[in-house]
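Structure record follows, encoded as structure tokens.
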Amino acid sequence: MTGETVSEFGQRAVGARAAGAALVLVAACAGSAVVLAFACGGLSAPVAWAAFVIGLAASVLAWRGIADPGGAAVTAWDVLMFSVFALASLRAFLWLIYPVGDEWRVLSPNNLGDISLHIHMIRYLASGVDFWPTSPILAGAPLTYPLGSDLFNSLLLCAGVPVEKGLVWTGLAGAVLTCWALWRWAGAFGIAALVFNGGLAGFAIFVTGRADDFQADLAWKNFYLAMFVTQRGLLWALPTGLFLLCDWREKYFRGRPGATGWVSWLLYATMPLFSVHAFLFMSLVLAAAFVVSSGHRRRILLFVGLAFVPASVAMWFVTGGFSMASGMRWLPGWMQGDGGVWFWARNFGIVPPLLALLAWRLVTKRSREAICFAGTGLVVFVICCLVAFAPWEWDNTKLFVWAWLACAPFLWEIIAEWPPAARAAVCFALFFSGAVSLAGGLDGRHGYKLASRSELANAAAVLEKVPAGDRIAVEPDFNNPAILLGRPVLCGYEGHLWSHGLDYKKHWDALQLVLTKGRGWKKALGRLEADWIFIKGPPPKVIPLGPPADIPSE
């Protein structure tokens, strides 16, 4: 890394207009699609094309409303990290989902369950279901999920783009925007902070002699592999959140124009549709800016006031009227368990002492800019070590990533002051494990079967007679053909139901009784809140529910 300061990082606005316009395009498409779907009874090809026209018009206006003062010269470290990010993204997203003979495969085992959920959601939304949709994975429940990225892919599907191609294209586009946004926010160090985060696990390569994702079974996983490739909402939320952080840094602390107010407003107000965690973190940053940037309080208050209604409406829908079970609970030590100090050393390495050093710098230097951004990051980091915000405590990582990236440029400002040898040693300790995990997670040994293409085709033919909105009882496998074809099911994959905080026990028990033909299963069959039952075979069968209904022996 070079000895550049945070101020020099902030001068890098290369491509701001193009990136901002692309982010606005997606935000406007998703926001207008929701409104049009309410008015028209669901998504359709005309709705999709109308949303694209609105999005394109908004992006053209955004291009004209984003200041692009240029940037500092690109360094050799920048080029290196651009290359790493590009190679990793090409490998991860070109092989995100790909055919091999009769199979659809995914590159990463982390993505088997996640991509199944996204494919289910994309096809379900594109089928023309009424808005706001009910949950496709649980009968009788509203859709409590930030559907923005999947909604955009549904628009592509309605416009004629196959799901698999749409997933690859949007993945690559999101990677380009994210790489630019990380560089603009925190330079090469910021890119490394996302793709190489890690602790001590990767040093096992000196024992095994082989690169593996040694962090895969840890709590502090490689962010790029475990989150960026799998969590589709981050493809938009991550570059958008960083764009907003840069914009607010310019406006509230450096006296520069930044983006026209409506651009930032649109990106912030639509963020709950894509990522609730990103929206919450951005809101905390705005609160911090209001406190420490006294000269801009009226401006910040006006911005939040104008965004309050649309953002609250979006939050209302994605949380089921603010009633979604959060699983929030006191959990000191986060996922430490019986690991003690070794848990923190193995997972985080030298991150805790560096963040403590950053906290001391905030106290002694009292930079308003650093207190706003890095201070918010440090507070969130500590809170996430004490409180679980979801039924699955690992979901805290969706806030950890923002806390870590918010601290990145200010942490580098400290490291950059040290002698070259010390800088190199610290960066090696910070990033070596994550680099090993990245290489191991993307190498040629990977490739996992998601589904049989012929099985999907046979199931699609059988399900043709089932109306698109009818609910189907299926075996709750993540890759059940009915799920991958976008059909709403009685109960989906249990990992999705549980981690989303859904109350699925009643439906699950009745379904299991029917599927196993346990005692009283015929009576339980009559209690299923489904219109059909699908048997994947072979051969596949679909049976209408209602007396007399029975399940043939397989």
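The values are calculated or read from the model by the stated rules, or taken from the named source; none is laboratory data. Just so it is clear, the model here is predicted, and its values are computed rather than measured. Positions of Cβ are backbone-derived with ideal geometry, glycine not excepted, and every protein chain shown enters the neighbour counts.
Where in region 124-241 are there helices (runs of 4 or more DSSP H), lying wholly inside it, with at least 2 residues that are surrounded by 23 or more Cβ atoms within 10 Å (Cβ to Cβ) and out of contact with any His (no Cβ under 6 Å at 6 or more places or on another chain)?
Per the criteria, 148-158, 163-195.
Hey, among Asp130, Asp150, which residue is under 22 Å from Thr270 (Cα atoms), in the same structural domain as Val313 (by TED's automatic domain parsing), at pLDDT 95 or above and among the charged types (D, E, K, R)?
Details: Asp130 fails: at pLDDT 95 or above.
That would be Asp150, the only listed residue that is under 22 Å from Thr270 (Cα atoms), in the same structural domain as Val313 (by TED's automatic domain parsing), at pLDDT 95 or above and among the charged types (D, E, K, R).
Phe410 fails exactly one of the following numbered conditions: (1) hydrophobic (A, V, I, L, M, F, W, C); (2) more than 21 Å from Ala226 (Cβ to Cβ); (3) surrounded by fewer than 21 Cβ atoms within 10 Å (Cβ to Cβ). What is the number of that condition?
Just one mismatch for Phe410, condition (3).
Does Lys517 meet the test of being modelled with pLDDT under 85 and more than 19 Å from Asn479 (Cα to Cα)? Give the steps one after another, and end with the answer.
Details: modelled with pLDDT under 85: no; more than 19 Å from Asn479 (Cα to Cα): yes.
Judged against the criteria, Lys517 is not a match.
Given the condition polar (S, T, N, Q) and modelled with pLDDT under 95, answer yes or no: does some residue in region 266-288 qualify?
Looking only at region 266-288, we keep the residues that are polar (S, T, N, Q), and these are 270, 275, 283.
Keeping just the survivors that are modelled with pLDDT under 95 gives none.
No, that holds for no residue.
Taking only region 448-473 into account, find how many residues are more than 27 Å from the chain's Cα centre (by Cα), of a type in the set (A, V, I, L, M) and not in a helix (DSSP H, G or I).
4
Quick one: which of Leu87, Leu112, Leu80, Leu125 is without any contact (Cβ under 8 Å) to a residue 40 or more places away in the chain and assigned by TED's automatic domain parsing to the domain that holds Ala175?
On the way: Leu112 fails: without any contact (Cβ under 8 Å) to a residue 40 or more places away in the chain; Leu80 fails: without any contact (Cβ under 8 Å) to a residue 40 or more places away in the chain; Leu125 fails: without any contact (Cβ under 8 Å) to a residue 40 or more places away in the chain.
Just a single option satisfies the conditions, and that option is Leu87.
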